[in-house]
1. Mind checking the full-extension length gain between residue 217 and residue 34? Use 0.36 nm per residue of separation minus the Cα-Cα distance, one decimal, nm.
2. Cα-Cα over 28 Å: which of 50/112; 5/210; 62/84; 5/73; 50/210?
3. Calculate the spin-label point distance for residue 208 paired with residue 137, positioning each point 7 Å from the Cα along the beta-carbon direction, and give it in nanometres.
4. Å³ per residue of the Cα convex hull, for the chain?
5. Which chymotrypsin sites (Phe, Trp or Tyr not before Pro) does segment 150-209 hold that lie in a coil by DSSP with at most 14 other beta carbons within 10 Å?
6. Once you have a ≥ b ≥ c as the square roots of the Cα gyration tensor eigenvalues for segment 50-145, tell me rounded if a/c is under 1.5, and otherwise prolate or oblate according to whether a/b is larger than b/c.
7. Per residue, what volume in Å³ does the convex hull of the Cα atoms of segment 1-48 enclose?
8. Please go through segment 25-118 and write out the trypsin sites (Lys or Arg not before Pro) that DSSP classes as loop and that have at most 13 other C-beta atoms within 10 Å.
Amino acid sequence: MSFPKTIAIIMDGNGRWAKAKGLPRTAGHKQGADTIRTVALHANKIGVEKLILYAFSTENWKRPEEEVSYLCKLPGIFFNRFIKDLMINNIRVTFVGELERFPAETQKVILKAVNQTKENTGLELCIAINYGSRREILLAVQKYTQDVLEQKRANDLTEEEFAQYLMVPEEIDLLIRTSGELRISNYLLWQIAYSELIFTPIAWPDFDEKALDDCIREFASRDRRFGGLTS
């Protein structure tokens, strides 16, 4: 059975989940943080190698100031509550994105979690924060161009080499978006060239172990040809 080693998730629906329950949007984000723990622990248990979660996009700065302020505090809330669980379960935390735009305390909390878990060898839990794929590709092109200008390399880049200039060099096996929206939203555009895409109506705060297992079963049922033919 085919199994996805690398899974990316667009965690959508926190606000709508909260609104449906008559709660403020921040309550949805808080519940969504609990879901990160649930999904990460289960992904680690079943053998996923890397889980990349879209926590904060470069476009999220456009949201109301109160919500942005809460989102900036959320990493501290999450890691203070769950860092012991991550350590016990051998989960390593990494991040992608331009962290420097966040408040110093937010940066400190994330970098502390990265440092605390760096020796762990289980699931890599990668948080995409202040991340946008077009920005990622643009920065990669700038880095490559600078290398050519400085004669560090020839102008003979391959696709495999270009991937190493990206924040996320791996190709993604499975991309999941929760809450029913049918968009990619500037997420891992290079890396999902041959990903299987699953759009589930389940809002992120309600996404659980069974929901992840269902997505993986759907992934396993598909015939992945990568542009070729199967016999």
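Any read-out appearing in this document is the output of simple, stated calculations on the displayed coordinates, not a laboratory observation. Quantities reported herein were computed from a predicted structural model and do not represent experimental measurements. Don't worry about glycine lacking a Cβ; one is built from the backbone with ideal geometry, like all the others, and counts go over all protein chains shown.
1. Answer, rounded to one decimal: 63.5 nm.
2. Cα-Cα > 28 Å for 62/84; 5/73; rest within.
3. If labels sit at residue 137 and residue 208, their model points lie 3.9 nm apart.
4. It comes to 143 Å³ per residue, whole-number rounded.
5. Within segment 150-209, the qualifying chymotrypsin sites (Phe, Trp or Tyr not before Pro) (loop, at most 14 other Cβ atoms within 10 Å) are 194.
6. Taking the square roots of the gyration eigenvalues as a ≥ b ≥ c, segment 50-145 is oblate.
7. 83 Å³
8. Within segment 25-118, the qualifying trypsin sites (Lys or Arg not before Pro) (loop, at most 13 other Cβ atoms within 10 Å) are 118.
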